[in-house]
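Written out below as structure tokens is the structure these notes cover.
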Amino acid sequence: MVTVLRARGLRVIIFSDDHQPAHVHVFGDGQAKINLRSAGGTAELVWSEGMDRGEVRRAMQVVVEQQDFLLARWEDIHG
């Protein structure tokens, strides 16, 4: 597990032994899994647990704003 970003009270991690498609796990009061690139090319919420709508919205904003950086980190970790 690698913490790749901390922003807006959230921690974004990539598990080093994780699977495709490229995605991150975002932790705050709860957690969410967000695919970094959906069929349309944008980030996509897969699921969330224990996050209210505001925190999910904040998590999505962070991932969308940092999408290129997070995709590069995914590639660094997974090749």
Here P(r) for the chain, Cα-Cα distances in 5 Å bins, as whole percents, is 3, 17, 32, 27, 16, 5, 0
Relative contact order for the chain, counting Cα pairs under 8 Å that sit 6 or more residues apart, in percent
23
Can you list the trypsin sites (Lys or Arg not before Pro) in the stretch 7-79 that are in a DSSP coil and have 14 or fewer other beta carbons within 10 angstrom?
8
Per residue, how much accessible area does the chain have with a 1.4 Å probe, in Å²?
57
Net lengthening on full extension, residue 61/residue 6 (0.36 nm per residue, minus Cα-Cα)
18.5 nm
State the percentage of accessible surface on the stretch 1-74 attributable to carbon and sulfur atoms; use a 1.4 Å probe and exclude ligands, DNA and RNA.
46
Connecting every pair of Cα atoms under 10 Å apart in the chain and solving the GNM, the largest mean-square fluctuation among 55, 44, 65 falls on 65
Using 0.36 nm times the number of residues separating residue 75 and residue 29, minus their current alpha carbon distance, what extension gain do you get?
13.8 nm
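The values are calculated or read from the model by the stated rules, or taken from the named source; none is laboratory data. Note that the structure is predicted; figures quoted are calculated from it, not measured. Reconstructed Cβ throughout: ideal geometry from the backbone, glycine too, with neighbour counts over all protein chains shown. Surface areas here come from the heavy atoms of the whole protein model, side chains and all, with no ligands, DNA or RNA. Shrake-Rupley method; radii C 1.70, N 1.55, O 1.52, S 1.80 Å.
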